Each structure stands twice: as structure tokens, then as C-alpha cells.
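The values are calculated or read from the model by the stated rules, or taken from the named source; none is laboratory data. Predicted, not measured: the structure shown is a model, and the values here were computed from it. Positions of Cβ are backbone-derived with ideal geometry, glycine not excepted, and every protein chain shown enters the neighbour counts.
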Amino acid sequence: MTPAGADRPAAPRPRVRPDLDGLPLFRGRAAEGGMIGLDCNESPFAPPVAVSDAISAAAGELNRYPDNAAVDLTARLAERYGVSPANLTLGAGSVGLCVQLIQIACAAGDEVIIPWRSFEVYPAIARTAGAVVRRIPLTPEHTLDLPAMAAAISDRTRLVFVCSPNNPTGSAVSRAEVERFLAVVPSDVLVVLDEAYAEFTTGDADPLDGFGLVRDRLRQGRTNVVALRTFSKAYGLAGLRVGYCLSAVPVAELLGRVAVPYAVATLAQRAAVAALDCEEEVRGRCRHLVGERERVRAALLDAGWDVPVSGANFLWLPIGSAAESFAAHCRGRRILVKAFPGEGVRVTVGADAENDALLAAAGQFAQVGAVDVVRSAPLG
Ligand SMILES: Cc1ncc(COP(=O)(O)O)c(C=O)c1O
């Protein structure tokens, strides 16, 4: 349907902020039936039965507002991570918490440092707050350049995002690297360890456990680092929107002040509690996806693709100028992947048969002559 008023001559718009004009629009996934969705880093598994049961049981209470403090879920997470409930903040997905963190740290003209390429939402939410975004390029190996990020900190810097594993490249930083980085970051600059994919990290001798690191620092009275996790990825509850943040109490209090009231819905709170009861099942699913990730990566490497090591539930194909044509090729085979034009393609690890379909599509792409493009494309 045509939007109301679209057929009239343009009227002056209300006095909105002109600096938002160039802001990129986050489109997310448009519902498309019959496609294999390997473009949004979702879990291919439906929620455990106990989670669906908890959602059904809570449905009769939807005439009431949610528990704004999410007391039960917060207590369960506090127990799970060995922290006080006062150190935890729940949000409408961890992206909701990213927005709140920017809100509490930044006013117009303040700087936010992000690795780039990284989670595409960071620049938009920083710019919405009027902040200036400084993008620090990844290394040629597609990993975060923490020394360069530290060197970019200025008097105007208020917040630094450290995304590990990094979306879309999958690279994870080690605890030692983060410790070295934090040693040179001023103690009043907020550092956000975004660990949306932490549960899929394996094989690293010294993996970053941001929650453990923040907990240790809080015990030493060091308050400028926070960590974010989510129920969207490993727990497979992307449709419910629950994320959580571990921080010092004063930071948590500020996050509460800028929160949208009742942002975490009743169904989301109950489902998340039930999901914590199914942690073994969730871990088993993660192990399976990690196995699939390694199977897909090995097959692609065998076929001549460049595929960096990933600690997440997706793989990065740095195919440069071939990104859009590969995504179009996959779409033609009813597979959705995420293209970053001129840089590469991010492919989510799906169910086994979906991964087979992706491998077949990649094989066909190579056969039509594109493998040369794949091999010779500039990195990143
Ligand atoms: C790095 C990173 N952080 C945060 C999020 C947000 O996840 P959610 O809001 O679903 O918790 C995503 C989602 O894709 C992500 O890739």
C-alpha cells in the first residue's frame, strides 16, 4: 500500500536532526519463504522443548507488564557467572545494550573506536548519539589490530568496541592480547568486550573469556571494562531478543537509567531462564556447529578458497570484488549469504544439509571460472 501522503506534493519535514540524513539504514532480514538462511548468524536449531513449554506457560500472563528488573533471570545469570545481580543488566538483545552503552558514554563530538570491518551496527548507533566513529582497519589476517586501536585513543575517546569473535571475520582475540591492550587504555575509557559468539570459540590456547576477565577486574576495583553476551546465537533465541551485560555497579545503574522501560518481554525472560536449564543441550548443539564449521572450512580450503580461522558460527570468505556475484549465485540456488561488497561474504554455519548445499553452490561457482577471482581477490 502507498504510504499516506505519498501522493501529495512534498511538505517541509518536521525539525528533525539533519546529521541523521546519511545514517545507514539497518535492513536486517526480509522474510523470504523457502530460502536457506545463512546470512544472519542464527542457530539452525529450534529452541529446546523446555524453552517452548516455558513460553507457552507464560502466554496467559501477557496482559501484565514484564518484570522490569528481570529478577529471576538476573539471579540465574549471577549464579551462572559467579557475580552479583547488581553487576548485570539485561537488554533487548545485546544490540540494545550496545545502544545503552553508547548513550551513557557519548555526547555529540565524543569519539568511539571500532575495529573495521566489524559488527555493522556499531557505526550507526554511535553516529545516532552524535559521536564521531574512528574505524581501525583489521590486520591483513582479518584479526583485530588491538595495538592500533589503543594508539588511536585520544582525549575525546569515550568508548572502544572489542568484538571477539569478530563479526564478520570470525577472528577471536586471546586473553593475553586483551590484557596487553587494557594495560595501555586509560582507566576512564569504557571498553566493551562484545562476545555475542563466545560459545563457539574453540581450539585457542588462551581464549578470551570476557566475563571471566571483567569479573577478575571488578574484584580488583577496575571498572572501565564491560562484557556482553546474548541468548540469540548459541542459545538459538534470536527471535526473543535477550542480551546481558556484566559491568561495575555504577555502569549498570546508568544502563538502567537510559533503558527503554520493560524492554525485555515476559516471554523472553521466561524462555531465557528455561534455556539456562538446558545448558548441556545447548553446549552439545554448539559442539555440533563447531564440527560443521570445521568441516565446511576444510572443504572450502581444499577447493582453493581462502577461509580464515573462525571462532564463531560463521565463516568469512574474503573474495573482494567477487562478493556480490557469489551472493547472487547462492541466491540463485535459494541460499542467502551476507555480502559485503568489495570485501567478502559471510556464511553462517547451518544445519548439515544446508552446509552441503552451500558447499555445492561454492563448487559450482568455482566451476564457472570464478575460482580464479576467489584466489586472486584482494584480502579483506
Ligand atoms: C558482534 C555482535 N554483537 C551483537 C549482536 C547483537 O545480537 P543480539 O542483539 O541478537 O543479542 C550481533 C548480532 O548479530 C553481533 O554480531
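When you check LEU246 against the structure, is it of a type in the set (A, V, I, L, M), in the same structural domain as VAL191 (by TED's automatic domain parsing), under 30 Å from SER187 (Cβ atoms) and within 16 Å of the ligand (Cβ to nearest atom), yes or no?
Answer is yes for this residue.
Screening PRO207 on (1) buried (at least 24 other Cβ atoms within 10 Å of the Cβ); (2) closer than 24 Å to VAL349 by Cα; (3) away from the ligand (no atom under 14 Å from the Cβ) shows it passes everything except condition (1). Selection of the range 130-147 for residues being more than 21 Å from the chain's Cα centre (by Cα) and part of a loop (DSSP other than H, G, I, E, B) yields GLY130, PRO140. ASN63 meets the conditions (1) free of Cβ contacts under 8 Å to residues at least 40 places away in the same chain; (2) of a type outside the set (Lys, Arg); (3) within 16 Å of the ligand (Cβ to nearest atom) in every case but one. The failed one is (3).
Determine whether ARG229 is more than 16 Å from the ligand (Cβ to nearest atom), on the phi < 0 side of the Ramachandran plot and not hydrophobic (A, V, I, L, M, F, W, C).
Details: more than 16 Å from the ligand (Cβ to nearest atom): no; on the phi < 0 side of the Ramachandran plot: yes; not hydrophobic (A, V, I, L, M, F, W, C): yes.
In short, no.
Screening ALA150 with (1) free of Cβ contacts under 8 Å to residues at least 60 places away in the same chain; (2) under 21 Å from the mean Cα position of the chain (by Cα) gives one miss only, at (2).
Going by the structure shown, is ALA150 assigned to a loop (DSSP other than H, G, I, E, B) and among the aliphatic types (A, V, I, L, M)?
Working: assigned to a loop (DSSP other than H, G, I, E, B): no; among the aliphatic types (A, V, I, L, M): yes.
So ALA150 fails the test.
Could you check the range 30-60 and list, in sequence order, the residues that are among the small types (Gly, Ala, Ser), part of a loop (DSSP other than H, G, I, E, B) and in contact with a Ser or Thr (Cβ under 9 Å, 6 or more places away or on another chain)? Let's see the steps before the verdict.
If we filter the range 30-60 for residues that are among the small types (Gly, Ala, Ser), which is where we start, we get 30-31, 33-34, 37, 43, 46, 50, 52, 54, 56-60.
Applying the additional criterion that residues be part of a loop (DSSP other than H, G, I, E, B) yields 30-31, 33-34, 43, 46.
Answer for the range 30-60, where residues must be among the small types (Gly, Ala, Ser), part of a loop (DSSP other than H, G, I, E, B) and in contact with a Ser or Thr (Cβ under 9 Å, 6 or more places away or on another chain): SER43, ALA46.
Take PRO47 and tell me if it is within 16 Å of the ligand (Cβ to nearest atom), in contact with a Phe, Trp or Tyr (Cβ under 9 Å, 6 or more places away or on another chain) and within 15 Å of LEU267 (Cβ to Cβ). The answer is yes for PRO47.
Filtering the range 192-204 down to residues that are hydroxyl-bearing (Ser, Thr, Tyr) and within 16 Å of the ligand (Cβ to nearest atom), which residue is surrounded by the most Cβ atoms within 10 Å (Cβ to Cβ)? It would help to see each step written out before you state the result.
Within the range 192-204, the subset hydroxyl-bearing (Ser, Thr, Tyr) is 197, 201-202.
After this cut, where a residue has to be within 16 Å of the ligand (Cβ to nearest atom) as well, the list is 197, 201.
Values: TYR197: 26, THR201: 20.
Here the answer is TYR197.
Only one entry in ARG283, ARG215, ARG293, ARG287 is over 27 Å from GLU61 (Cβ atoms), in contact with a Leu (Cβ under 9 Å, 6 or more places away or on another chain) and surrounded by fewer than 19 Cβ atoms within 10 Å (Cβ to Cβ), namely ARG215.
If you check ALA69 against the conditions, is it among the hydrophobic types (A, V, I, L, M, F, W, C), part of a loop (DSSP other than H, G, I, E, B) and assigned by TED's automatic domain parsing to the domain that holds TYR235? Spell out how you get there, then give the answer.
On the way: among the hydrophobic types (A, V, I, L, M, F, W, C): yes; part of a loop (DSSP other than H, G, I, E, B): yes; assigned by TED's automatic domain parsing to the domain that holds TYR235: yes.
Considered against the rule, which asks whether it is among the hydrophobic types (A, V, I, L, M, F, W, C), part of a loop (DSSP other than H, G, I, E, B) and assigned by TED's automatic domain parsing to the domain that holds TYR235, ALA69 comes out as yes.
One residue stands out among those in the range 164-190 that are of a type in the set (Val, Ile, Thr) and crowded, with 24+ Cβ neighbours inside 10 Å: the one that is farthest from the ligand (Cβ to nearest atom), which is VAL173.
Name every residue in the range 55-73 that is surrounded by 21 or more Cβ atoms within 10 Å (Cβ to Cβ) and at negative phi, in order of residue number.
Residue satisfying the conditions is LEU73 alone.
For the range 10-29, the set of residues classified as in a loop (DSSP other than H, G, I, E, B) and more than 16 Å from the ligand (Cβ to nearest atom) consists of ALA10, ALA11, PRO12, ARG13, PRO14, ARG15, VAL16, ARG17, ASP21, GLY22, LEU23, LEU25, listed by residue number.
Taking into account only those residues within the range 139-163 that are away from the ligand (no atom under 16 Å from the Cβ), within 24 Å of GLN100 (Cβ to Cβ) and among the β-branched types (Val, Ile, Thr), which is surrounded by the most Cβ atoms within 10 Å (Cβ to Cβ)? Applying the filter and picking the extreme gives THR157.
Restricting attention to the range 93-123 and to residues that are more than 11 Å from the ligand (Cβ to nearest atom) and among the charged types (D, E, K, R), the residue that is farthest from CYS40 (Cα to Cα) turns out to be ASP110. Selection of the range 314-337 for residues being buried (at least 21 other Cβ atoms within 10 Å of the Cβ) and assigned to a strand (DSSP E or B) yields PHE314, LEU315, TRP316, LEU317, ILE335. When PHE45, PHE26 are checked against the criterion of being modelled with pLDDT of 95 or more and out of contact with any Asp or Glu (no Cβ under 6 Å at 6 or more places or on another chain), PHE45 stands alone in meeting it.
The range 156-264 holds strands (runs of 3 or more DSSP E) entirely within its bounds, and those carrying 1 or more residues that are under 20 Å from SER310 (Cα atoms) map to 157-163, 190-194, 225-230.
When ALA227, ALA252 are screened for being of a type outside the set (Asp, Glu) and in contact (Cβ under 8 Å) with a residue 40 or more places away in the chain, only ALA252 passes.
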